[in-house]
Amino acid sequence: MKFYLVFICLPLFSISFAQKSIKVTYEQKIIYSDTFFNQLPESDREEFRTILSAPTYFELTNNGDGSLFKSVNLKKEVIASKEMNTATSRNMGTIFKPFKVRVLKDFINQVIIKSAEVEDKEYYLEEPFSKEELHFDEKIKTIDSYTCKSAYTLTAANDTIQYWYTQEIPVIDGPFNMQEIPGLILSVESKKKVIYATKIEFFDKKLQLETVPVNASFITDKELNKMKLEALKPTSYTDESGMKHETYSIHIKADK
């Protein structure tokens, strides 16, 4: 038994010694129900369905001391209004702005710093590493030539989130806040969402992570929720030519 343990550990030691950083590209697809889209104005539903059904992309950079998980290739989408313009009223359409994700993990101090945008202003929230109730089973599958083990957790909404992770890459990390799975997460599966790695890059140098700005504004979850509710309220102003501009937001309940 002792010789078996030494045989397993030696290759991992040699790999981790040569590899100082890793970068993983993830693709995410979310499945929305018809009930979700029925909350939207009927005239815009198909446009929203097209936008929201498209995959989103993320990048995870890990240098050993920490990691940064962030969204990439974000862009605003404009849905043109189908209303008739008048001499006193002109509908400029609906602007869909994707949610920006930025999660910085500090493995030394065991804290997570997340960013959030409210009305084009960026705020930051800091929280300690948390622990989920994970269950490990005996399932095994291969993802891009890597042997992956399985772990899962049960949500309050009676959904099962399954994690497929490999220990053939000496990194303990994954998408979003996850830092407890004993390996590198290559796929996350649930009823409504799937996230999977599409590219893995190795570096023999320590990559520098984007840091939090010196003048960053830190807030609490309670403060963030209050600011989001304020941002949903309609706003209006009159420009120099005397034309009145009005904006309003729609709060859409997530699928359960």
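The table that follows gives values for the structure above.
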| read-out | value |
| --- | --- |
| Other-chain or far-sequence residues with amide H under 5 Å of F107's (modelled H) | G66, S67 |
| For segment 101-256, size of Cβ-based charge dipole, Lys and Arg +1, Asp and Glu -1, in debye | 340 debye |
| Calculated from backbone phi, Karplus (6.51, -1.76, 1.60) coupling profile of segment 36-50 in Hz, x at Gly/Pro | 4, 6, 5, 6, 8, x, 4, 5, 10, 4, 5, 5, 5, 4, 5 |
| Segment 143-230 - percent relative contact order, Cα under 8 Å, separation 6 or more | 18 percent |
| Environment charge of S217, counting only residues whose C-beta is closer than 11 Å and scoring Lys/Arg +1, Asp/Glu -1 | -1 |
| Counted charge near W164, where neighbours are those whose Cβ lies closer than 12 Å (Asp, Glu -1; Lys, Arg +1) | 0 |
| Charge sum, other residues only, whose C-beta stays under 11 Å from I195's C-beta, Lys/Arg counted +1 and Asp/Glu -1 | 0 |
| Calculated FRET value between K76 and R45, using beta carbons and R₀ = 25 Å, to 0.05 | 0.85 |
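Throughout, read-outs are computed from the coordinates displayed, never taken from laboratory work. What you are looking at is a predicted structure, and each value in this text was computed from that prediction instead of being measured. With ideal geometry, Cβ positions are generated from the backbone for all residues, glycine too; neighbour counts draw on all protein chains shown.
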